[in-house]
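The values are calculated or read from the model by the stated rules, or taken from the named source; none is laboratory data. Just so you know, these numbers come straight off a predicted model, no measurement behind them. Here the Cβ is made from the backbone with ideal geometry for all residues, glycine too, and neighbour counts use every protein chain on show. These accessible areas exclude ligands, DNA and RNA; they are computed on the full protein's heavy atoms, side chains included. Shrake-Rupley method; radii C 1.70, N 1.55, O 1.52, S 1.80 Å.
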Amino acid sequence: MDKLYVELRAILARQPGPEVAEQLNAYQQELRSKNASMKSMASELNMSSTQISEAKYEIERLSRELQEVKKMYFDMRISNQLHVTNAERTWAGGSAGQRSNATMGGGGNAPDVRMNQTM
């Protein structure tokens, strides 16, 4: 019986005490807190990812819009150049009197500016 008592005492000595149970409760509470924090962070991460996706989409949209505006600008510029070139050709292809007037500084049907300056 003495031998049994010694063995039981040895088994009880190896069993965790009340401080281990308290430590375990503290760890469980901390784990719950960390899980809640992790869920909150995951939610924030999802929100940030959504905002990033929206910002990327907005950048792509604005980039496309910029390209369209640039294209319109250059198309208008080319169109304007063509109109100016056509007008110059039309003006250069006028009558001989107009050409001689143009070489003297006149502008076709426009009055001679030099006369106004001498008066």
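Checking each residue in segment 61-81 for being open to solvent by 100 Å² or more (accessible area, probe 1.4 Å) and not aromatic (F, W, Y) picks out R64, Q67, E68, K71, M72, M76, R77, Q81.
Summed over segment 8-29, the residues that are open to solvent by 100 Å² or more (accessible area, probe 1.4 Å) and either in contact (Cβ under 8 Å) with a residue 40 or more places away in the chain or assigned to a helix (DSSP H, G or I) (or both) give a count of 7. Among the residues of this structure, R61 does not count as one that is basic (K, R) and at pLDDT below 95.
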